[in-house]
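Everything below concerns the one structure shown next.
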Amino acid sequence: MDEAPPISERKRVWTTPPGVALCAEADIADPGSRGFVLQIGEAFFHGFVVRRAGQIAGYVDRCPHQGFPLAIELDRYLVPDGSLILCGWHGAVFEPLTGACVGGPCAGARLTPWPVAAAGGIIRTT
């Protein structure tokens, strides 16, 4: 039986097809966040969704500073009060609904948007 390659050697993709159901809207607290890994063919997409003030936004899970995933712990993308997205590696902070970096080593940069929307209580890729 073939073993899967280590995570660091997996092929990555940076977009997803539209219409993929991710989760129920109620599965993400407000404020809150949740990470997703989608297998697309033989490659993998890593993204996350944040919910704040009744709105949702999706981003590719990659910091513009060094290219690392943002969360050090599963689904921990936000600072404790939920007001900002935090890169756990180097402390960059981002506006949850725009992805704009407002502090840290990549100030002025932005997270890469991942188009998602909620309809009928389900969050899907768009």
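Coordinate-derived values only; no laboratory data. On a predicted model such as this, the values are computed, not experimentally measured, just so you know. Cβ coordinates were reconstructed from backbone atoms using ideal geometry, including for glycine residues, and neighbour counts include every protein chain displayed.
Quick one: dipole size for region 28-125, taken about the Cα centre, charges +1 on Lys/Arg Cβ and -1 on Asp/Glu Cβ, in debye to the nearest 20.
Numbers: 7 positive and 7 negative charges, 32 e Å.
It comes to approximately 160 debye.
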With only alpha-carbon atoms counted, please give the Rg and Dmax of region 55-104, in Å. 9.7, 28
Considering the Cα positions of the chain, please state its Rg to one decimal place and its Dmax as a whole number of Å. 14.4, 48
Under 5 Å between amide H atoms, partner at least 5 residues away or on a different chain: which partners does residue 40 have, H built in plane at 1.01 Å? 45
Give me, ordered by chain and number, the residues 5 or more places off residue 110 or on other chains with an amide H under 5 Å from its own placed amide H. 101
